[in-house]
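Engineer: Take a look at this one; I'll ask things after.
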Amino acid sequence: MWSPRVIALKLTKISHSVGHKIPLCHLKGLHFLCGRFRFSSANSCDAEQRFMSREPKRIRIDEMGIKKIGTHNGTFHCDEVLACFFLRQLPEYAEAEIVRTRDTAVLAECDVVVDVGGEFDPKRHRYDHHQRTFAENFHSLCPEKPWVTKLSSAGLVYLHFGRRLLAQLTQMKDDDRQLNVLFDKLYENFVEEVDAVDNGISQCDGEVRYAVSSTLSARVAHLNPRWNSKSQDTEDGFRKALKMVGEEFLDRLDFYKSSWLPARAVVEQAFKERHQVDPSGEVLLFSQGGCPWKEHLFALEKELDVETPIKFVLYSDQNDQWRVQCVPAGLNTFQNRLSLPEEWRGVRDEALSELSGIKGCIFVHAGGFIGGNKTQEGALEMARRTLQAAAQSPAKRKQLNVQIE
């Protein structure tokens, strides 16, 4: 569960520069989760040098002045809005003024610049991706990471500050391996999409079947002034976009921290105990029902280098009865690694128990992908009998091996 306190986001100061400053605008109302604690590492791939003190001190604005985050003015996009939000969650930029300008002299005075300026130089905190020479992706900067989508300013800031950002918001310790799991998951399922959209990278080759117009990037774009609006001022829209992307990122982080990670822990524990459930190691028993397991199962099989793929999972349902479910061949297929016997499918209750020779049977779905039993032992026996039948049938075993490969 979340432990950080909920506090109001400090006033966001945004200025628009064309050689001189105009009055500051203020953003109020966005709440975010953060905690104050110590941390020492900069990021997952050492792309950024450590530059924070272990205990950040509050800077008196009237004495030293606030830091400045520079980005371009005019039409705004999701990537620089998200980059600015990321930076303002860190202690050293929590009070930062967001300066929206293309004036190089003004940008030169900023402590960090995103999505403008034509420079990518982490040592000087310059994170633009528009220059002809820029072709970086996560994999090129962090070879241990798999993603090859060209980075936008959002991805660049996330790569260099993401681990500290997540540590700040979740109060996880820097050496917690789950922090790295969250770091990867949020890039793959949130930030990478923003990178791809901003860089004009299509999701697939060929003509798409339908339009997707409700992405985060699309909703940010709609906050810009319409082409025929009398006012083309973008400041109010930028503030709304900053609030919106911040709330959405924090909501996604909350889901992965509070729901997705606990589900992973359930599946991981089942992996460790699988040989106690059945000597084959091909059956997982979950400690609680309702756990979303498929994504975690495939990921953990790969991470743990499991030699014999899992064929069945067992779990209790809402009526305290037990289910035996077949593991699919992949996340996006209805084909199973091993289906329940064909002669059981569509049969129920006593008829199924008599046919299978297993007490307490409730049903086997006509598709053969799931069955039910009144007891855990009965559900396990349904899985065992299916494994035994497959082992005794060379044709079935050959088919099974093809499905797994």
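Engineer: Here is a list: Val267, Val245, Val220. Which entry is in contact with a helix residue (DSSP H, G or I) (Cβ under 7 Å, 6 or more places away or on another chain), of a type in the set (Val, Ile, Thr) and over 18 Å from Glu80 (Cβ atoms)? Let's see the steps before the verdict.
Structural biologist: Numbers: Val245 fails: over 18 Å from Glu80 (Cβ atoms); Val220 fails: over 18 Å from Glu80 (Cβ atoms).
Unique residue meeting the criteria: Val267.
Engineer: Then there's this: Do the conditions hold for Phe363, that is, is it under 27 Å from His296 (Cβ atoms) and under 29 Å from the mean Cα position of the chain (by Cα)?
Structural biologist: No; evaluated as a whole, the condition is false for this residue.
Engineer: Just checking, which of Gly206, Gly162 is touching a residue at least 12 places away in the same chain (Cβ under 8 Å) and open to solvent by less than 70 Å² (accessible area, probe 1.4 Å)?
Structural biologist: Checking each option against the conditions leaves just Gly162.
Engineer: Hey, another quick one. Out of (1) within 14 Å of Tyr256 (Cβ to Cβ); (2) under 14 Å from the mean Cα position of the chain (by Cα); (3) of a type in the set (A, V, I, L, M, F, W, C); (4) part of a loop (DSSP other than H, G, I, E, B), what's the single condition that is false for Trp147?
Structural biologist: For Trp147, the exception is condition (1).
Engineer: Moving on to the next point. Has region 252-261 got at least one residue that is under 30 Å from Leu297 (Cα atoms) and open to solvent by 60 Å² or more (accessible area, probe 1.4 Å)? Can you show your working first?
Structural biologist: Within region 252-261, the first condition is being under 30 Å from Leu297 (Cα atoms), and the residues that meet it are 252-261.
From what is left, the residues that are open to solvent by 60 Å² or more (accessible area, probe 1.4 Å) are 252, 255.
Checking region 252-261: at least one residue is under 30 Å from Leu297 (Cα atoms) and open to solvent by 60 Å² or more (accessible area, probe 1.4 Å).
Engineer: May I ask you to list the residues in region 58-93 that are among the hydrophobic types (A, V, I, L, M, F, W, C) and at pLDDT below 95?
Structural biologist: Ile59, Ile61, Met64, Ile66
Engineer: Is it the case that region 97-107 has a residue that's at pLDDT below 95, among the hydroxyl-bearing types (Ser, Thr, Tyr) and open to solvent by 10 Å² or more (accessible area, probe 1.4 Å)?
Structural biologist: Checking region 97-107: not a single residue is at pLDDT below 95, among the hydroxyl-bearing types (Ser, Thr, Tyr) and open to solvent by 10 Å² or more (accessible area, probe 1.4 Å).
Engineer: Scanning region 170-198 for residues that are out of contact with any helix residue (DSSP H, G or I) (no Cβ under 9 Å at 6 or more places or on another chain) and assigned to a loop (DSSP other than H, G, I, E, B), which turns out surrounded by the most Cβ atoms within 10 Å (Cβ to Cβ)?
Structural biologist: By that ranking, first place goes to Gln171.
Engineer: For region 167-202, give me each residue that is more than 17 Å from the chain's Cα centre (by Cα) and within 13 Å of Leu216 (Cβ to Cβ).
Structural biologist: Asp198
For every residue, the table says whether it meets (1) surrounded by 15 or more Cβ atoms within 10 Å (Cβ to Cβ); (2) free of Cβ contacts under 8 Å to residues at least 60 places away in the same chain; (3) among the small types (Gly, Ala, Ser).
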| residue | (1), (2), (3) |
| --- | --- |
| Gln276 | no, yes, no |
| Leu297 | yes, yes, no |
| Lys302 | no, yes, no |
| Glu307 | no, yes, no |
| Phe312 | yes, no, no |
| Asp317 | no, yes, no |
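Engineer: A follow-up question, please. Within region 122-139, is even one residue surrounded by 22 or more Cβ atoms within 10 Å (Cβ to Cβ), basic (Lys, Arg), within 12 Å of Gly70 (Cα to Cα) and at pLDDT 95 or above?
Structural biologist: Within region 122-139, none of the residues are surrounded by 22 or more Cβ atoms within 10 Å (Cβ to Cβ), basic (Lys, Arg), within 12 Å of Gly70 (Cα to Cα) and at pLDDT 95 or above.
Engineer: Among the numbered criteria (1) surrounded by fewer than 18 Cβ atoms within 10 Å (Cβ to Cβ); (2) of a type outside the set (Asp, Glu); (3) modelled with pLDDT under 95; (4) under 28 Å from the mean Cα position of the chain (by Cα), which single criterion is violated by Phe32?
Structural biologist: The single condition Phe32 does not satisfy is (1).
Engineer: Let me ask something else. Looking only at region 85-121, which residues are closer than 14 Å to Gly155 by Cβ and under 24 Å from the mean Cα position of the chain (by Cα)?
Structural biologist: Answer for region 85-121, where residues must be closer than 14 Å to Gly155 by Cβ and under 24 Å from the mean Cα position of the chain (by Cα): Phe85, Phe86, Leu87, Val114, Asp115.
Engineer: Related question: Select from region 339-361 the residues that are farther than 20 Å from Gln388 by Cα and not in a loop (DSSP other than H, G, I, E, B) and list them in ascending order.
Structural biologist: Arg348, Asp349, Glu350, Ala351
Engineer: Taking region 319-342 only, how many residues are among the β-branched types (Val, Ile, Thr), over 18 Å from Ala270 (Cβ atoms) and surrounded by 15 or more Cβ atoms within 10 Å (Cβ to Cβ)?
Structural biologist: Matching residues across region 319-342 total 0.
Engineer: Just give me the residues in region 265-295 being polar (S, T, N, Q) and assigned to a loop (DSSP other than H, G, I, E, B), in sequence order.
Structural biologist: Of everything in region 265-295, those that are polar (S, T, N, Q) and assigned to a loop (DSSP other than H, G, I, E, B) turn out to be Ser280, Ser287, Gln288.
Engineer: Can I ask one more? Any idea which of (1) of a type in the set (Gly, Ala, Ser); (2) at pLDDT 95 or above; (3) not in a helix (DSSP H, G or I) is the one Ser202 doesn't satisfy?
Structural biologist: If we test Ser202 against (1) of a type in the set (Gly, Ala, Ser); (2) at pLDDT 95 or above; (3) not in a helix (DSSP H, G or I), just (2) comes out false.
The values are calculated or read from the model by the stated rules, or taken from the named source; none is laboratory data. Keep in mind it's a predicted model, so treat the numbers as computed, not measured. No Cβ is skipped: glycine too gets one built from the backbone with ideal geometry, and neighbour counts run over all protein chains shown. These accessible areas exclude ligands, DNA and RNA; they are computed on the full protein's heavy atoms, side chains included. Shrake-Rupley method; radii C 1.70, N 1.55, O 1.52, S 1.80 Å.
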